[in-house]
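Bear in mind these aren't lab numbers, they're just calculated from the coordinates by the rules spelled out. Because the structure is a prediction, the values reported are computed rather than measured. Note that we place each Cβ from the backbone using ideal geometry, even for glycine, and neighbour counts take in every protein chain shown.
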Amino acid sequence: MSFLSKQFIDVIQWTEPENGILAYRYPMEDMEIQNGGKLTVRESQAAIFVNEGRIADVFAPGLYTLTTQTLPILTYIMNWDKAFKSPFKSDVYFLSTRVNTDQRWGTATPITIRDKEFGAIRMRGYGIYSYKIADPKVFHQKISGTRDIYHVAELEGQLRNTIVARMTDSFAQSTVPFLDMAANQQALGEKIAENLKPAFMDFGLSLESFVVENISLPDELQKMLDQRISMNMIGDMGKYTQFQVAQSIPVAAANEGGGVAGMGVGLGAGLAMGQTMMNAMRPGEAPPAGGGGGAAPAGAAPVGGGPGGGTPAAPTAAAGAKFCINCGHSIPKPAKFCSECGSAQQ
């Protein structure tokens, strides 16, 4: 009798030895629960009695005396008499109902969505969420089962993939552009959480919080977005081009050897570059004929010539003619003297 009395369990209780345990099977083996024994269920716990493979009862936090009167469902299953005094056997499972915080989620690879502003884009995101067991019976039936111990890590992959799938559905149904999503991550997290709660409840879980820490584009798309933002910040491209030309003039002048002559050449190069850029910004406009100034007709006299000097602005020699080496006047090639200034020619 002494040996048999040691096999009877008088007190059933459990405290979590470590973090990350969702369900724990109380070690019964061939031991029997003494009729009138005590069951202690602490706050943040729930206890499930399973008899002959079926859930007999679920106990919330509290102290219980185990008799056939306190187990009406179990009594009904076994069809026991209310005065039954013998010990009984039953599998007891403890479940942790506290909130599991700081659970990480993230997209393993970028997901493709259709954006209102950019069209089809690929995006990625990550954040944290928290959950707890809300329905111990459903969780035991669908998730933990008859395992001796069930950890949070064993459920992590399932929940993460569920989150990514539902998040993709949320983006597909949303008409909010990507840039607005990134600027309102709290509202985005609340919207995704509403779509996730039914999926969690299907596992007997309650989604307590869901936070979107970051959503972004892959590196190659992010560079293109940065370029677009830069162009928008520039604003008036014409003024920006003028500013760039003004900034380049000192550099161009310095590269031409300095001095007044070099500055003039640099200025001309800068203006030419600015004109080219402005024309590129207006592809619908054709460039003016003759480069803007117009070439002098063949045989016409150069502008600004005379004995007093002054370099012609744009002298053009007619066919069979040459320029005077002194005044620049157009003269026939065989002429030995300039008809304008009288200078001898080579």
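Suppose R0 equals 35 Å; then what is the FRET efficiency for Glu32 and Met201 from their Cβ-Cβ distance, rounded to the nearest 0.05?
The computed FRET efficiency comes out at 0.45.
Between Ala182 and Asp10, what length comes free when the chain is fully extended (0.36 nm per residue of separation minus the Cα-Cα distance, one decimal in nm)?
So the extension gain works out to 56.1 nm.
Quick check on my link table: of Lys142/Lys191; Lys137/Lys197; Lys191/Lys223; Lys197/Lys223, which ones sit more than 25 Å apart, alpha carbon to alpha carbon?
Lys142/Lys191; Lys191/Lys223; Lys197/Lys223
What does the net charge come to around Ala108 if you take all other residues with beta carbon closer than 10 Å to its beta carbon, with K and R at +1 and D and E at -1?
+2
I'd like the GluC sites (Glu not before Pro) in the range 99-206 restricted to DSSP loop residues with at most 15 other Cβ atoms within 10 Å, sorted by number.
Glu117
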